[in-house]
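To start, the structure under review is shown below, and the notes come after it.
The values are calculated or read from the model by the stated rules, or taken from the named source; none is laboratory data. The shown structure was predicted, so the numbers you read here are calculated from the model rather than taken from an experiment. For neighbour counting, all protein chains shown are included, and Cβ atoms are generated from backbone atoms with ideal geometry for every residue, glycine included. For the accessible areas, the whole protein counts, side chains as well, though only heavy atoms, and no ligand, DNA or RNA atoms are used. Shrake-Rupley method; radii C 1.70, N 1.55, O 1.52, S 1.80 Å.
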Amino acid sequence: MNNTGKMHDPKNILEVSDLVQTFTQPYGILDRLTGRPKKTVHAVNGVSFSVRRGEVFSLVGESGCGKSTTARTIVRLLEPKSGTLLFDGQDITKFTPAEMMPVRKKMQMIFQDPYASLNPRQRIREIVMEPMLFHREAADREEAHVKMLRLLDIVGFRPEQADRYPHQFSGGQRQRIGIARALATNPTFLAADEPVSALDVSIQAQVLNLMMDLRDEFNLSYLFIAHDLSVVRHVTERLGIMYLGFIVEQGERDRIFEKPLHPYTQALLAVAPTLDRKIAAVPLSGDVPSPIHLPVGCPFASRCPQKMSICETNRPKLRILDGRAVACHLY
Ligand code: SF4
């Protein structure tokens, strides 16, 4: 039982249930004068999944599908509109900033753009030591300094590089600095938002390998956000495919990669660059619907090559089929 009396599976570090996130579009003077109604963007629409201890769970989908918003809501950079977030058995959905403090220590985030997420005026030593001291992971600066050098060593830097600034490093090196900073508070869970998509392909593998080595060394669990299935394939145990703020297919990696059921998953796999498996390319035409006006039927209907009449009027629910969950009227 957790602090709300709900059953919690101790195998899971994170349990997300019916998570909803919306934003109100900016509303200016002209809008007020013309009486334009306020518009709501439905970014995340009832997403549910869990992350087991020690595993990598990935959320995959095209840009704008709500995967990054889901991650930011989970780590409470954004307030959830509704739903439940259980972290390590605790219901953190409505935690105040003060209540979140000890949770933030354990739950860190790695960002897509390492340069934007590092303070350009701070030396690397300060970037890594600051969260350590703030969260009292080190008793004093001396201890923080020793821990900082160890972390930099783990992510592949020499001690003298601690005196440099972010702009003196390459993109891959900056992402490794971001990882060292995330590890500074001794977390158990990392939400990695497109951590390698801004990097050269040759560097991506290095950073992914480092993340997987750290998982074993620090006993970490990851929520991995990506738009590229070929990246996810090498690191994840389970995944959810997102479209227009909905999870449309979710399950074990091998099941989904060997036999994707949802037409959107099939389309994503068909364009993933490094697959050795043969899946016929499914051409996607049509536009992604506006998240302001969600379709009443299937969110993928405007682009689905297998659309039926029921798809326009009834939104399919996730159903268990062939060892995974899929939301499609074909099944
Ligand atoms: Fe395509 Fe219909 Fe399935 Fe949606 S429910 S993915 S439109 S077949």
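I need the full set of residues from the stretch 156-191 which are of a type in the set (Val, Ile, Thr) and crowded, with 21+ Cβ neighbours inside 10 Å, in order please.
Matches in the stretch 156-191: Ile177, Ile179.
Out of (1) at pLDDT below 95; (2) part of a helix (DSSP H, G or I), what's the single condition that is false for Ile310?
(1)
From the list Arg238, Arg255, pick out the single residue that is open to solvent by 40 Å² or more (accessible area, probe 1.4 Å), of a type in the set (Lys, Arg) and either touching a residue at least 24 places away in the same chain (Cβ under 8 Å) or away from the ligand (no atom under 16 Å from the Cβ) (or both). Outline the logic, then answer.
On the way: Arg238 fails: open to solvent by 40 Å² or more (accessible area, probe 1.4 Å).
Being open to solvent by 40 Å² or more (accessible area, probe 1.4 Å), of a type in the set (Lys, Arg) and either touching a residue at least 24 places away in the same chain (Cβ under 8 Å) or away from the ligand (no atom under 16 Å from the Cβ) (or both) holds for just one of Arg238, Arg255, which is Arg255.
State the number of residues belonging to the stretch 15-56 that are surrounded by 15 or more Cβ atoms within 10 Å (Cβ to Cβ) and in a helix (DSSP H, G or I).
Here the count works out to 0.
Hey, can you tell me all the residues within the stretch 90-99 that are touching a residue at least 24 places away in the same chain (Cβ under 8 Å) and touching a strand residue (DSSP E or B) at 6+ places or on another chain (Cβ under 9 Å)?
Keep residues of the stretch 90-99 that are touching a residue at least 24 places away in the same chain (Cβ under 8 Å), which gives 90-91.
The answer is Asp91, and nothing else.
Does the stretch 306-330 hold any residues that are touching a residue at least 40 places away in the same chain (Cβ under 8 Å), more than 8 Å from the ligand (Cβ to nearest atom) and surrounded by fewer than 16 Cβ atoms within 10 Å (Cβ to Cβ), and which are they?
Leu321, Asp322, Gly323
Considering only the stretch 117-169, state which residues are over 23 Å from Asn209 (Cα atoms) and among the small types (Gly, Ala, Ser).
Of everything in the stretch 117-169, those that are over 23 Å from Asn209 (Cα atoms) and among the small types (Gly, Ala, Ser) turn out to be Ala138, Ala139, Ala144.
Considering only the stretch 283-295, I want to know if a residue exists there that is outside any loop (DSSP other than H, G, I, E, B), at pLDDT 90 or above and near the ligand (Cβ under 10 Å from one of its atoms).
no
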